[in-house]
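Just so it is clear, none of the values below were taken in a lab; they were calculated from the coordinates. The structure displayed is predicted, hence computed values, not measured ones. Here Cβ is always computed from backbone atoms with ideal geometry, including for glycine, and neighbour counts include all displayed protein chains.
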Amino acid sequence: MIEFDHVHKAFGDHVVIEDLSLRVADGEFFVLVGPSGSGKSTLLRTVNRLTHIDRGRVLVDGKDVATQPIETLRRGIGYAIQSVGLFPHRTVAENIATVPRLLGWSKRDIDARVAELIDLLKLDEPGMAERYPDTLSGGQAQRVGVARALAARPKIVLMDEPFGALDPLTRESLQASVKAIQRDTGTAMLFVTHDMDEAFLLGDRVGLMLDGRLAQVGTPLELIRSPADDRVNEFVGGTRAYLRELAVRNVRDSVRRDEHAEGEPIPARATLQEALGAMLAQRRDRLPVEGGGAILLTDIVARPR
Amino acid sequence: MSFLNIAPNRLLSGHAAGGQEGVFVLLWIVAAVAAWWRAGALAALLLTLLLPWIAGIDATLMLHLKPPTTRIQLGAGFWVMWLAAALLLLDRLRHVSAAWRAVAWGVVVVSLIVSAWVGIFNSLALVREWRAQRGAFADALATHVTLSLVTLGIALAVGAPLGYIAWRKRRTGGALLGVLAFLQTVPSLALFALLIGPFAWLAREWPALGALGFGGTGAAPAVFALVLYALLPVVRYTAAGLDAVPGDTREAARGLGMTRGQVLLRVQLPLGWPVLLAGLRIVAVQTIGLAAVAALIGAGGLGRFVFLGIGQGATDMVLLGTLAIIALALAADLLFQGLLAMNERRA
């Protein structure tokens with residue numbers, strides 16, 4: 001659990017975080033989203049004390065981070081950044097093993113954990129463990145960066161725009177990996193991005209940050225359907241926000257079991273956005289769903305119950 | 001320009017030995033062939049080896065039936081042609097692989113050492129000078145190497161932490177580098193002379209220091225001055241090495257919970273090491289050269305041969321000291337190049 005308690009931070013006269021309070025629960029995927037300069041990265045960095053706060057408290061599992069030895073604190077928190085920052089003189093396996101090594105794990109435990117992570121993050125190309133970072137693609141490097149952040153099984157993971165520099169396909173694949181791992185391990189994730197789609201796709205809850213304050217905190221659907229004010233509405237995307245809503249909802253929740261349809265079937269776990277895309281591609285207003293039933297255009301358009 | 005000079009003894013200056021024109025013509029023809037012929041590298045290699053051999057054998061022939069004090073010195077003609085041959089070899093070897101280049105130079109060095117060993121050059125004044133002073137020469141060489149190593153060690157021990165400070169605190173670093181750069185502009189001879197006073201005073205005030213070899217002259221002020229000169233490059237290259245570590249790598253290292261010491265040892269040192277090594281290469285060569293001047297304040301070393309030789313008017317003695325210093329500097333340079341290459345291959 002991460003708790004921000006009236007946190008305040010200024011660089012000189014410029015206030016970056018203004019009296020901000022927030023609680024991220026255990027096992028929650030929380031996304032901080034906002035334009036650049038809104039203070040979201042700074043807020044994230046107060047958790048592992050890469051940024052020192054002027055007032056207020058940051059608590060991890062109920063303990064004030066300021067009272068803990070800084071290295072102990074950081075070794076207990078996973079950390080991944082956009083530029084990855086892999087150690088160029090260390091192999092992939094050694095990079096992943098950084099924190100377990102600092103924590104003094106046995107060689108056997110480290111090897112087992114590295115193998116597990118290489119598998120988990122789909123890095124299982126032959127010889128990958130022994131390669132050096134400069135031989136990796138951008139996507140592979142960030143997979144290693146994420147693996148390094150998760151290596152010591154931290155209860156809390158911080159990610160600062162980790163996928164910002166990747167191409168769309170690589171990004172989607174990594175988003176899926178991270179979401180799945182977070183769900184399976186039950187870590188509390190604090191994730192910073194400026195990409196609304198990414199925020200809604202990943203976040204159990206999303207906090208929209210504007211000018212050092214949290215303009216609104218809620219589930220993706222809450223932000224889309226009831227924006228707190230015009231600025232939130234504008235940032236969420238106005239009428240385009242409803243397209244984003246389709247990306248958050250699943251076919252499974254709107255399928256009609258007793259209906260039938262012609263055409264290429266669509267999986268039940270697909271999003272409504274994907275279903276709409278398939279309808280447009282096939283020029284049909286209803287499509288069969290794998291495992292029975294059909295999805296109808298009217299149900300996509302209709303306001304969900 | 002004469003190929004060889006002949007002198008009645010080691011102190012009098014010689015005059016051109018006759019009968020050398022044939023050698024000149026022959027060698028220039030070889031050189032001309034080497035310049036455009038496709039196997040130029042081989043011709044240049046041959047030329048680089050032939051010149052000293054011809055000089056050595058020629059000197060032996062000339063010395064026959066001459067009084068034992070007679071000296072045969074290598075003339076300007078020899079040095080110019082030999083330098084030209086070496087440059088030609090360097091140029092011809094530009095397009096071959098590094099391994100072949102190393103082999104070619106290895107052949108040159110090994111052949112020369114072997115020929116010297118079997119006595120081909122024994123009649124040359126340079127070699128006779130060395131044979132006459134073998135013991136003193138070995139001592140001077142050892143002193144020179146010791147002076148340089150001690151200087152390098154102290155400069156690294158003092159300069160590396162200073163470099164770290166200069167890198168962490170830009171403003172302090174700027175001032176520090178300014179002072180060191182100013183020191184660099186003080187002529188070496190003047191610095192050595194300036195240090196005589198303070199060091200003599202130190203030795204007087206604390207006799208214990210004097211007993212350790214401290215004094216106005218000798219090794220202590222020499223090493224002190226050499227360290228002052230070495231500090232600027234050490235500090236600068238330490239800071240440059242730290243700068244060479246990507247910021248995000250350092251940030252990740254801190255964020256993952258490494259202590260400052262761990263970041264330094266596990267991230268900054270291995271990544272900045274090549275830059276520091278390149279700096280040490282410069283420092284080593286510079287120190288070996290400057291240490292020659294240290295002989296003037298009684299620190300010993302190969303510089304003694306140079307200055308004694310100048311004093312006596314014995315050109316061969318000067319040459320002996322100078323060539324040894326150059327060879328030492330080249331050896332140090334090669335050593336660091338080798339270390340750098342090893343470092344690169346591993347990374």
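In the protein assembly as shown, helices alone account for a calculated mean residue ellipticity at 222 nm of -18500 deg cm²/dmol, with every DSSP H run of four or more residues adding -39,500 (n - 2.57).
Please grab the % of Cα pairs in the protein assembly as shown that end up more than 41 Å from each other. Spell out each step's value before the answer.
On the way: 113239 of 212226 pairs.
Summing the P(r) of the protein assembly as shown above 41 Å gives 53 percent of all pairs.
Once the other residues with Cβ under 14 Å from the Cβ of B:A116 are scored (Lys, Arg +1; Asp, Glu -1), what is the net sum? Combined, the nearby Lys, Arg, Asp and Glu give +2.
Between B:Q184 and A:S226, the modelled label-to-label distance comes to 6.9 nm, taking each label 7 Å out from Cα in the direction of the beta carbon. Go through A:K107/B:K169; A:K9/A:K122; A:K63/A:K122; A:K107/A:K179 and tell me which ones have a Cα-Cα distance over 31 Å in this structure. In this structure, A:K107/B:K169; A:K9/A:K122; A:K63/A:K122 lie more than 31 Å apart at Cα.
Placing a pseudo-label 7 Å from each Cα along the Cα-to-Cβ vector at B:A98 and A:K107 gives an inter-label distance of 3.2 nm.
Given an 8 Å cut-off on Cα distances and at least 6 residues of separation, report the relative contact order of the range B:134-346 as a percent.
Numbers: 276 pairs, mean separation 53.2, N = 213.
Here the relative contact order equals 25 percent.
Between the residues B:T143, B:F3, B:L340, the greatest Cα displacement towards the positive end of the dipole of chain B, with unit charges on the Cβ of Lys, Arg, Asp and Glu, is found for B:L340. The reciprocal of the average 1/r between distinct C-alpha atoms defines the Kirkwood hydrodynamic radius, which for chain B equals 23.4 Å.
Judged by the mean number of other Cβ atoms found within 10 Å, the most tightly packed of the peptides B:72-78, A:121-127, B:156-162 leads the ranking B:72-78, B:156-162, A:121-127. Can you classify the range B:6-156 as rounded, prolate or oblate using the Cα gyration tensor, where a ≥ b ≥ c are the square roots of its eigenvalues, rounded means a/c under 1.5, and otherwise it's prolate if a/b beats b/c and oblate if not? The shape class here is oblate. Neighbouring Cβ atoms from other chains, within 10 Å of the Cβ of residues in A:83-96, number 4 on average. Using the Cβ-Cβ distance between B:A331 and A:S36 with R0 set to 56 Å, the FRET efficiency from 1/(1 + (r/R0)^6) comes to roughly 0.50.
Rounded to the nearest 0.05, the FRET efficiency derived from the C-beta distance between B:R204 and B:F307 at R0 = 41 Å is 0.95. Computed 3J(HN,Hα) for the range B:182-199, one whole-Hz value per residue from the Karplus formula 6.51 cos²θ - 1.76 cosθ + 1.60 where θ = phi - 60°, is 5, 4, 4, 7, 6, x, 4, 4, 5, 5, 4, 5, 4, 7, 4, x, x, 6, glycine and proline marked x.
Let's see if you can work this out: charge +1 on each Lys and Arg Cβ, -1 on each Asp and Glu Cβ, no other charges. What is the dipole magnitude of chain A about its Cα centre, in debye to the nearest 20?
Dipole of chain A, to the nearest 20 debye: 460 debye.
Using r as the Cβ-Cβ distance of A:Q68 and A:R153, and R0 as 25 Å, what FRET efficiency do you calculate, to the nearest 0.05? Don't jump to the answer; show the numbers that get you there.
Values: r = 18 Å, r/R0 = 0.74.
For R0 = 25 Å, the calculated efficiency reads 0.85.
Along the axis of the charge dipole computed for the protein assembly as shown (Cβ charges of +1 for Lys and Arg, -1 for Asp and Glu, origin at the Cα centre), the listed residues B:L74, B:F192, A:L20 are led at the positive end by B:L74. Were the residues from A:D61 through A:A165 laid out at 0.36 nm apart, the gain over their Cα-Cα distance would be 34.3 nm. Near A:K122, no amide H atom lies under 5 Å from its own; only residues 5 or more places off or on other chains count, and H is placed 1.01 Å from N.
Please arrange A:H8, A:H89, A:H14 by how many other C-beta atoms lie within 10 Å of their C-beta, fewest to most.
If I rank by nearby Cβ atoms, fewest first, I get A:H14, A:H8, A:H89.
For the range B:146-158, 3J(HN,Hα) computed residue by residue from phi via the Karplus equation (6.51, -1.76, 1.60; θ = phi - 60°) reads 4, 3, 5, 5, 4, 4, 4, x, 5, 4, 6, 5, 8 Hz, glycine and proline entered as x. Across the range B:4-125, C-alpha contacts under 8 Å between residues 6 or more apart give a mean separation that, scaled by the residue count, equals a relative contact order of 36 percent.
Using only side-chain charges placed at the Cβ, +1 for Lys and Arg and -1 for Asp and Glu, the dipole size of the range B:4-125 relative to its Cα centre rounds to 180 debye. Under the simplified labelling scheme, the A:E259-B:D91 pair shows an inter-label distance of 8.6 nm, with each label point 7 Å from Cα along Cα→Cβ.
Which aspartates and glutamates, on any chain, are close to A:K40 with Cα under 13 Å apart, when same-chain ones fewer than 8 places away are left out? Once the sequence-local aspartates and glutamates are set aside, what remains near A:K40 is A:E18, A:D160, A:E161, A:D195, A:D211. Local charge sum around A:N48 (other residues, Cβ-Cβ under 12 Å, Lys/Arg +1, Asp/Glu -1)? Charge balance near A:N48 sits at +2. Available extension along the chain between B:Q133 and B:L265 is 42.8 nm, counting 0.36 nm per residue and deducting the alpha carbon span.
Net charge within 15 Å of A:G62 by Cβ-Cβ distance, Lys/Arg positive one each and Asp/Glu negative one each, not counting A:G62 itself? Don't skip to the answer; put the middle values down first.
On the way: positive: A:R23, A:R57, A:K63, A:K155; negative: A:E3, A:D5, A:D26, A:D61, A:D64.
Taking every Cβ under 15 Å from that of A:G62, the sum is -1.
Mind putting a number on the dipole of chain B about its Cα centre? Charges go on the C-beta only, +1 for Lys and Arg and -1 for Asp and Glu, and I need it in Debye to the nearest 20. Each step should come with its number before you reach the end.
Working: 24 positive and 12 negative charges, 157 e Å.
It works out to roughly 760 debye.
Evaluate peptide A:73-79: per residue, the Cβ atoms of other protein chains within 10 Å of its Cβ; return the mean as an integer. Please report the intermediate quantities before stating the final value.
Working: counts 1, 6, 3, 1, 3, 2, 6.
Going residue by residue through A:73-79 and averaging, the value is 3.
Suppose a student asked you for the relative contact order of the range B:238-308, using Cα pairs under 8 Å spaced at least 6 residues apart; what percent would you report? Walk me through the numbers on the way to the answer.
Details: 50 pairs, mean separation 20.5, N = 71.
Taking the mean separation of contacting Cα pairs over the length of the range B:238-308, I get 29 percent.
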